[in-house]
């Protein structure tokens with residue numbers, strides 16, 4: 001092998017040391033003040049982008065569920081309206097009187113007494129009890145009670161008592177005197 005001996009003058013050695021220090025210092029400054037901060041910015045920007053992408057994916061999933069939730073809300077509102085017709089938040093006394101007298105006329109009943117309601121409060125609703133005295137045939141009374149049961153609003157009957165002898169109907173059936181309690185309900189919410 002060839003043995004190379006390079007002899008440098010004092011001035012050349014000083015230039016070499018200065019060049020090495022300059023290159024080392026420049027490299028250090030490049031890494032410390034340019035490469036490091038730029039690398040850190042790249043890392044934080046990549047993390048920020050990743051977080052934003054996760055948020056976008058989450059928002060897309062929620063947007064997909066939003067249509068489903070809207071449809072469910074519409075369905076629940078419709079069901080709520082149906083339920084409110086069965087168990088309204090208001091008593092609507094004129095409506096109840098019109099409904100019952102209309103059903104009575106339709107089924108050939110004569111209402112003798114239709115008393116003012118008495119209220120009973122329950123946990124989630126109020127009961128309004130109307131006492132009625134009716135003259136009717138047995139079959140007409142049955143049709144009336146069936147019609148009341150089929151009404152959209154919830155009604156109930158209690159304490160039905162029959163009495164005899166109120167004459168006869170056109171068809172020859174014996175008329176009965178009937179007293180009963182008719183209960184209408186109101187939501188207490």
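When the chain is fully extended, how far beyond the present Cα-Cα distance does residue 32 get from residue 93, taking 0.36 nm per residue of separation? Before the final figure, lay out each step's value.
Working: separation 61, 0.36 × 61 = 21.96 nm, distance 8.58 nm.
Here the answer is 13.4 nm.
Once every DSSP H run of n ≥ 4 in the chain is given -39500 (n - 2.57) and the sum is divided by its residues, what mean residue ellipticity at 222 nm do you get, rounded to the nearest 500 deg cm²/dmol? Please report the intermediate quantities before stating the final value.
Numbers: 4 runs with 98 residues, N = 189.
Computed mean residue ellipticity for the chain: -18500 deg cm²/dmol.
Need one word for the range 93-187: rounded, prolate or oblate. Basis is the Cα gyration tensor (sqrt eigenvalues a ≥ b ≥ c); a/c below 1.5 gives rounded, then a/b vs b/c decides. Present the calculation step by step, with values, prior to reporting the outcome.
On the way: a/c = 2.40, a/b = 1.93, b/c = 1.24.
Because a/c hits 1.5 or more and a/b exceeds b/c, the range 93-187 counts as prolate.
Label points 7 Å out from Cα along the Cβ direction at residue 74 and residue 56: separation in nm?
With each label point 7 Å from Cα toward Cβ, the separation is 3.0 nm.
On a 0 to 90° scale, report how tilted helix 138-149 is relative to the longest principal axis of the chain, with both axes built from alpha carbons and the result rounded to the nearest 10.
20
Stick to Cα atoms and the Kirkwood definition of Rh, then tell me Rg/Rh for the chain. Show your work: numbers first, answer last.
Numbers: Rg = 46.0 Å, Rh = 25.1 Å.
Here Rg/Rh amounts to 1.84.
Quick one: angle between helix 10-30 and the longest Cα principal axis of the chain, in degrees between 0 and 90, rounded to 10, please.
0
Could you give the spread of the C-alpha atoms of the range 59-134 along their three principal axes, from largest to smallest, in whole angstroms?
Sorted largest first, the three principal extents are 66, 30, 14 Å.
Could you give the length gained on full extension between residue 4 and residue 138, defined as 0.36 nm per residue of separation minus the Cα-Cα distance, in nm?
Values: separation 134, 0.36 × 134 = 48.24 nm, distance 13.43 nm.
Taking residue 4 through residue 138 to full extension adds about 34.8 nm, to one decimal.
Rounded, prolate or oblate for the range 109-148? Axes are the square roots of the Cα gyration tensor eigenvalues, ordered a ≥ b ≥ c, and the cut-off for rounded is a/c under 1.5. Walk me through the numbers on the way to the answer.
Values: a/c = 5.03, a/b = 1.89, b/c = 2.66.
Taking the square roots of the gyration eigenvalues as a ≥ b ≥ c, the range 109-148 is oblate.
With a cut-off of 8 Å between alpha carbons and a minimum separation of six or more residues, what is the relative contact order of the chain in percent? Spell out each step's value before the answer.
On the way: 197 pairs, mean separation 36.0, N = 189.
Value for the chain: 19 percent.
Pop a pseudo-label 7 angstrom from the Cα along the beta-carbon direction at both residue 63 and residue 158 and give the gap in nm to one decimal.
5.7
Measure out, as a whole number of angstrom, how far apart the alpha-carbon centroids of the range 116-132 and the range 48-110 sit.
Between the Cα centre of the range 116-132 and that of the range 48-110, the gap is 26 Å.
Calculate how steeply helix 93-106 sits against the longest principal axis of the alpha-carbon atoms of the chain, using the helix alpha-carbon long axis, and give the answer as 0 to 90 degrees to the nearest 10.
Rounded to the nearest ten degrees, it is 50.
Describe numerically, in nm with one decimal, the distance between label points set 7 Å from Cα along Cα→Cβ at residue 17 and at residue 173.
Each label point is offset 7 Å from its Cα along the Cβ direction, giving 13.0 nm.
Please work out the FRET efficiency for the pair residue 121 and residue 150, using the Cβ-Cβ distance as r and a Förster radius of 35 Å; give the result to the nearest 0.05. Mind dumping the intermediate values first?
Details: r = 27 Å, r/R0 = 0.77.
Efficiency at R0 = 35 Å is approximately 0.85.
Arranged from highest to lowest average of other beta-carbon atoms within 10 Å per residue, in what order do the peptides 124-137, 15-28 appear?
Values: 124-137: 17.6, 15-28: 10.3.
By packing density, highest mean first, the sequence is 124-137, 15-28.
Let's test this: bin the Cα-Cα distances of the range 1-99 at 5 Å from zero up to the farthest pair and state each bin's percent.
For the range 1-99, the pair-distance distribution reads 3, 9, 7, 7, 6, 6, 6, 6, 5, 5, 5, 4, 4, 4, 4, 3, 3, 3, 2, 2, 2, 2, 1, 1, 1, 0.
Ranked by Cβ crowding within 10 angstrom, fewest neighbours first, how are 153, 61 ordered?
So the ranking, lowest neighbour count to highest, is 61, 153.
Computed from the coordinates by the stated procedures, all read-outs in this text should not be read as laboratory data. What you see is a predicted model, and the numbers here were worked out from it, not measured in a lab. Neighbour counts are summed over all protein chains in view; Cβ atoms, including those assigned to glycine, are modelled from backbone coordinates with ideal geometry.
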